[in-house]
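One structure is given below, encoded as structure tokens.
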Amino acid sequence: MDAKTLLLTRQSTPRLAAPAPTQEQLDFILDAAIRVPDHCGLTPWEFIIAEGEGLDKLGAVLSQAAIDKGADQAFIEKASKMPHRAPMVITVVSKIQSHPKVPELEQHLAAGCATLAMQQAAFALGLGAIWRTGDFAFNPSVNKGLGIADTDQVIGFLYIGTPVTSANIKPQKSGREFVRHL
Ligand SMILES: Cc1cc2nc3c(=O)[nH]c(=O)nc-3n(C[C@H](O)[C@H](O)[C@H](O)COP(=O)(O)O)c2cc1C
């Protein structure tokens with residue numbers, strides 16, 4: 001896929017199945033992630049990959065977080081199965097550092113760019129992906145279960161796999177709709 005087509009047709013794929021990205025595809029996706037703008041080169045991110053048994057482990061983290069919040073049994077069960085909506089989930093974490101020139105927001109933005117870059121890379125490879133968050137991204141029990149600091153922020157669960165159906169490319173709006181000139 002050429003770059004222009006990618007930029008104008010990227011879209012999310014909610015329904016995903018095996019196979020997951022191969023190791024070679026995953027390397028491409030991760031290398032794309034770290035190609036993004038990054039003020040002062042802080043690399044303020046971590047990518048936690050769950051595949052196979054890792055999806056069960058991530059499910060256990062989410063269900064424990066649901067238990068900690070006092071959720072009912074049905075939701076606890078649901079939480080444990082959430083990661084299995086794709087054969088691979090990459091949890092993207094902003095690793096926030098105190099820095100004189102780079103405020104927290106810029107570090108979150110860099111990690112967000114990395115998340116988008118991974119989705120675009122997956123799309124360019126003919127794979128599908130969707131960026132999800134939900135309450136679990138903002139839950140201290142999830143940080144604890146993932147072994148990340150309280151100051152770290154989960155900014156997304158990037159579900160990646162093979163599209164179940166061939167998606168209709170959604171219509172393109174005009175970027176001009178969101179412009180004003182000074
Ligand atoms: C930071 C962020 C968090 C998101 N969280 C969710 C989510 O929890 N669940 C969901 O269905 N979509 C979520 N989305 C939206 C999807 O990733 C996707 O963009 C949306 O379904 C529109 O599809 P499109 O990317 O093809 O335009 C989120 C997007 C962003 C940028």
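Every read-out reported here was derived from the displayed coordinates using simple, explicitly stated rules and does not represent laboratory data. Quantities reported herein were computed from a predicted structural model and do not represent experimental measurements. Neighbour counts run over all protein chains shown; Cβ positions are idealised from the backbone, glycine included.
A few notes on this one:
- Charge dipole (the chain, unit charges on Cβ, about Cα centre) - positive-most of 8, 90, 143: 8
- Pairwise FRET efficiency - residue 95 versus residue 8, Cβ, R0 = 30 Å, nearest 0.05: 0.40
- Residue pairs, from the table 95/170; 101/144; 69/95; 81/144, whose Cα atoms sit over 22 Å apart: 95/170; 101/144; 69/95
- Label zone of residue 132 (point 7 Å out along Cα→Cβ, amide N under 14 Å): in the stretch 23-62 this covers 50, 55-56, 58-62.
- Calculated [θ] (222 nm, deg cm²/dmol) that DSSP helices of n ≥ 4 give over the chain, each run adding -39,500 (n - 2.57): -12000 deg cm²/dmol
- In summary, the helical segments of the chain meeting the span-like criteria, namely a full DSSP H run, a Cα extent along the axis of 18 angstrom or more and a mean Kyte-Doolittle hydropathy of at least -1.0, are 53-68, 104-124.
- Share of Cα-Cα pairs in the stretch 129-182 lying beyond 14 Å, as whole percent: 70
- The slack between residue 166 and residue 69, meaning 0.36 nm per residue of separation minus the straight C-alpha distance, is 31.1 nm.
- Rh (Kirkwood; distinct C-alpha pairs) - the stretch 28-182, Å: 16.9
- Each of residue 18 and residue 116 was given a label point 7 Å from its Cα along the Cα-to-Cβ line. The distance between the two points is 3.4 nm.
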